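Asker: One structure follows; several queries about it will come next.
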Amino acid sequence: MTTVTPPTPTADAIAEPWASEQTITCRDDRVGRRAVIAIDDTTLGPGFGGVRYRAYPSTEAAAREAQRLAAAMTLKHALAELPYGGAKSVVVLDGPVPAPSSPERRALFARFGEMVARTAGTYIPGVDMGTLLEDMQTIRDDGGARAFCDEVSPSPFTARGVYAAMRAAAVHEHGEGGLDGLHVVVQGVGSVGEEVARLAHRDGARVTVADIDTARAQALATELGGQTVATQAAPFAEADVFAPCAVARVVTREAIPRIRARIIAGAANDTLDTPDCAEALRAAGITYVPDFVANAGGVIQVHGGVAGWSDAETLAAVDRIGTRVGELLETADTEGITPLEAALRRADAALGRTVAR
Ligand code: NAI
C-alpha cells in the first residue's frame, strides 16, 4: 500500500503556454510530485538539458524557469555546434529534500523518468541544481528514459571553456599576449571559478577572487599569490577582466557605469539582468562574452562522452570556444552590433530561423 501525498493544489497557470515547442506538465499524486518539462526547440536534435529540483512560489514561476532555461540551452547547443536542441525540466520541491539514496527519492525520480520516457527521446535529462547523478540513473534504470549520466564532472571543462573565451577576448582587445600581465577578478570560486582562476594565473594574469565562503577565497588567493575582494565589490574592482562564476544577473543597468573591467567573461548563466544591458556594455566600451557561449565546455564534454570522442578531441572541441569568441567579436566590431547580437544571429542561422527581436 502506497501512502498518497497529494501536492498542494495551485490555482495559477503557465503564463506563456506557447513559449516552447512543447511545455509538458507532469503530476503524480502517489509520490506527491509536480514537474514541468520544457522542450524549447528540436531543430538540431533531441532537447538536452538538466533537471532542476527546488521549491517554486507558483506554477507560473516553475514553468517560466523551465522555458527560459530551455531556450538558453537551444542557444548554447547551437553555438557549440552540438547535435541537440534545447530543453530543461523542473521538479517542484514540495517539502523537505528527500535524502540521497532514500526509497522516497528513488520513487520520485522513477516516476519522473516514466514521464520523460513518454517524450520518446525528445527530451534527454542531465544533472542540474538540486539533482544528483543517482537521480539520472534512476530516471534511466527505473523510469526507462534516456538520460545523460556521465560520471565525469563537467566543471573542469566548463572552466577550460570560460578561460578560452576570456583569453580570446583579451587577444581581441590587447593582441597576442593574451592574459599575461592583466588583472582578472573571479566572482565565485566554486568548482568552475576556482579552476578559471588557476588557468588565468598560469597564463600570467594577476588574480583577485571573491566568494561568500571567505575562507575558500582566501586559501585560493594565497595559493595564487593574489588578493581577495568582497563579493559585492567584485564587479567594480579595478581590473581588466571580470569573470562572474557564481550567481545570475550580476550585470544590471545601474551597475554598468561602475564596472571598471573592459572584458566580462564568466560561467554564470543569465549574467545580464536584462538583454538591453548588452548594448549599454558596448556603449561603455566593455566587451561582454555571452554566458551561453563561454560556459558550453560542460555540455561539449557530455557530448564527447556520448559520441565516444578521445580526451584530446574533447579538449580541442572545448578550446574551440575561444576561436568562436574571436569570430563573434570580429563580427560584432565589423557590423557595429553587440557580441550578444552576433551570437544570437549565429544561433539563428544554425537553427535556420529568423527571430524578430
Ligand atoms: P559551485 O556551487 O561549485 O560554486 C559557486 C561558488 O560561488 C561557491 O563557492 C559559492 O560559495 C559562491 N557564491 C555563491 N554566491 C555568491 C555570491 N553572491 N558572490 C560570490 N560568490 C558566491 O557552482 P559552479 O558549478 O562552480 O557554477 C558556477 C556558475 O556557473 C553557476 O552560475 C552555474 O550555473 C554556472 N555553470 C556551471 C557549469 C558547470 O559545469 N558547473 C556549467 C554552466 C554554467
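The values are calculated or read from the model by the stated rules, or taken from the named source; none is laboratory data. Fair warning: this is a prediction, and the values are worked out from it, not measured in the lab. FYI the Cβ positions are ideal-geometry reconstructions off the backbone, even for glycines, and counts take in every protein chain you see. The accessibility values were calculated without ligands, DNA or RNA, using every heavy atom of the protein model including side chains. Shrake-Rupley method; radii C 1.70, N 1.55, O 1.52, S 1.80 Å.
Asker: For the range 88-96, take each phi angle, set θ = phi - 60°, evaluate the Karplus expression 6.51 cos²θ - 1.76 cosθ + 1.60, and give the result in whole Hz per residue in order, putting x for glycine and proline.
Answerer: 6, 9, 10, 9, 7, 7, 10, x, x
Asker: Please report the relative contact order for the range 1-118, taking Cα pairs under 8 Å with a sequence separation of at least 6, and give it as a percent rounded to a whole number.
Answerer: 28
Asker: Taking Cα centroids, how far is the range 271-293 from the range 87-121 in Å?
Answerer: 36
Asker: Given a Förster distance of 35 angstrom, what is the FRET efficiency for residue 97 paired with residue 334, based on the Cβ-Cβ distance and rounded to 0.05?
Answerer: 0.10
Asker: Okay, moving on. Amide H of residue 32: which non-local residues (sequence gap of 5 or more, or other chain) have their own amide H closer than 5 Å, using H built in the peptide plane?
Answerer: 5
Asker: While we're on this one: As a test question: what accessible area, to the nearest 10 Å², does residue 91 have when a 1.4 Å probe is rolled over all protein chains in place?
Answerer: Here the residue's solvent-accessible area equals roughly 0 Å².
Asker: Just subtract the alpha-carbon distance of residue 174 and residue 191 from 0.36 nm times their residue separation and send over the number in nm, one decimal.
Answerer: Difference between extended and current length: 3.3 nm.
Asker: Determine the sum of side-chain charges near residue 332: Lys and Arg each +1, Asp and Glu each -1, restricted to other residues whose C-beta is under 9 angstrom from that of residue 332.
Answerer: Net local charge, residue 332 excluded: -3.
Asker: Give me the dipole magnitude in Debye, nearest 20, for the range 155-351 about the Cα centre, with unit charges on the beta carbon: positive for Lys and Arg, negative for Asp and Glu.
Answerer: 220
Asker: Same structure again: If you filter the range 238-298 for GluC sites (Glu not before Pro), then keep DSSP loop positions with at most 11 other Cβ within 10 Å, what is left?
Answerer: For GluC sites (Glu not before Pro) across the range 238-298 that sit outside H, G, I, E and B with at most 11 neighbouring Cβ atoms in 10 Å, the list reads 238, 254.
Asker: For residue 223 and residue 320, compute 0.36 nm times the residue count separating them, minus their Cα-Cα distance, and round to one decimal in nm.
Answerer: 32.0 nm
Asker: For labels at residue 212 and residue 260 in the simple 7 Å Cα→Cβ model, what's the distance in nm?
Answerer: According to this spin-label approximation, the distance is 2.5 nm.
Asker: Shifting gears a bit: May I ask you to rank 327, 341 by accessible area, largest first, using a 1.4 Å probe over the protein chains only?
Answerer: 327, 341
Asker: Additional query: List the GluC sites (Glu not before Pro) in the range 83-160 that DSSP assigns to loop (not H, G, I, E or B) and whose Cβ has at most 15 other Cβ atoms within 10 Å. Which are they?
Answerer: 151
Asker: Now for a separate question. Given a cut-off of under 8 Å on Cα pairs at least six residues apart, what relative contact order in percent is computed for the chain?
Answerer: Worked out over the chain, it gives 14 percent.
Asker: Based on the Cβ-Cβ distance from residue 232 to residue 312, what FRET efficiency comes out when R0 is 30 Å, to the nearest 0.05?
Answerer: Computed FRET efficiency for residue 232 and residue 312: 0.15.
Asker: Tell me which of 250, 301, 178 sits at the most positive position along the dipole axis of the range 155-351, charges placed on C-beta atoms (Lys, Arg +1; Asp, Glu -1).
Answerer: Going by the Cα projections, it comes out as 250.
Asker: Another question about this same structure. Given labels modelled 7 Å from the Cα in the Cβ direction, how far is it in nm from residue 354 to residue 81?
Answerer: Label at residue 354, label at residue 81, 2.6 nm between them.
Asker: Same structure again: Taking the Cα centre of the chain as the origin, how large is its charge dipole in debye, to the nearest 20, when only Lys and Arg (+1) and Asp and Glu (-1) carry charge on their Cβ atoms?
Answerer: 500
Asker: Another question about this same structure. Given axes a ≥ b ≥ c from the Cα gyration tensor, I'd like to know whether the range 155-351 is rounded (a/c under 1.5), prolate (a/b larger than b/c) or oblate.
Answerer: Cα axes put the range 155-351 in the oblate bin.
Asker: Keeping all protein chains in the complex and leaving out DNA, RNA and ligands, what accessible area do you get for residue 245 with a 1.4 Å probe, in Å² to the nearest 10?
Answerer: 20
Asker: According to a simple spin-label model (label point 7 Å from Cα along Cα-to-Cβ), what is the distance in nm between residue 25 and residue 118?
Answerer: 1.3
Asker: Could you grab the relative contact order for the range 123-189? Cα pairs under 8 Å, six or more apart, rounded to a whole percent.
Answerer: 21
Asker: Give the shape of the chain as rounded, prolate or oblate, defined through the alpha-carbon gyration tensor: a ≥ b ≥ c are the square roots of its eigenvalues, a/c under 1.5 means rounded, and otherwise the shape is prolate if a/b is larger than b/c and oblate if not.
Answerer: prolate
Asker: What percent antiparallel are the DSSP beta bridges of the chain, to the nearest 5?
Answerer: 35
Asker: Return the FRET efficiency for the residue pair residue 202, residue 12: r is the Cβ-Cβ distance, R0 is 56 Å, and the value is rounded to the nearest 0.05.
Answerer: For R0 = 56 Å, the calculated efficiency reads 0.65.
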